[in-house]
Amino acid sequence: MSAEAQAGLGDRLGRTRRSFRGWRGQRPFWGGLLTLLGGIPIMYFPYANLTLGSMTIRMSTTAGAGSLIIGVLLVVLGLTLWFQPMSRVFAGVAAILLALVSLVVSNFGGFVIGFLLALLGGALGISWGPSRAAKQEAGGGKAADAPNGEPAVAGAGSGASDDLSGTSPNGNDGTNGRHRAG
C-alpha cells in the first residue's frame, strides 16, 4: 500500500468511528448491548451439551422452550433499545422482568451470567436520557444562549416554566413556595 492509500484509509476509518460515536451517543447503547448479551446464555445453556471425557452432560430441562423464548425476547429488547430509543423505559422494564423470570425458568438465569447482564442492561436502558444536543435537534435547532452563558430555557421568555415543583397554589407569595431561613 502506498502512503496516499493509507492516509485515505485512516481518514475513512476516522469518519466511520466518529459516525458510530455519534450514533452510539443518541441511544442507550450499553444498555442494549448488555441486554442483548444477557439473552444469549439464557437461551444457549438449556440446549448445550457439556462433554467431560466420555461423559456427556445435557442441561436441557422441561422449560427449554421458555428459556428460548426469554432469550429471544431479551435479544429483541436489546435491539429495541438500539433502534427505538424512545421506547427505552418499556424495553428496560421488560428486560428486568424477563431477567427475573429467567432465574426460575432457565437454569438460574443462564447460571446467573445472563440474569446479571440482562438486569444491568435493563437498568441502563431505563436510566439513559437523551443528551442536551439531541433534545435541541429534536426541538428544531439550537437554542439561544442566556446572558450568563447558559442555554436558554424554552418558554423562559413567556413567563411559563416547565418546573412546577415548590410552587404555591395561589402563585403570588413571591418565594415560589420555598421557606426562607432567618
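The numbers here are math on the coordinates, done by the rules we state, and not lab data. Small disclaimer: the values here were computed from a predicted structure and weren't measured.
Numbers at a glance
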quantity	calculated
J(HN,Hα) series, segment 25-39, from Karplus relation 6.51 cos²θ - 1.76 cosθ + 1.60, nearest Hz, glycine and proline x	x, 9, 7, x, 4, 5, x, x, 5, 5, 5, 4, 5, x, x
J(HN,Hα) series, segment 87-100, from Karplus relation 6.51 cos²θ - 1.76 cosθ + 1.60, nearest Hz, glycine and proline x	9, 5, 5, 4, 5, x, 5, 5, 5, 5, 5, 5, 5, 5
Amide H within-cut-off set for Gln84, under 5 Å, with H built and near neighbours excluded	none
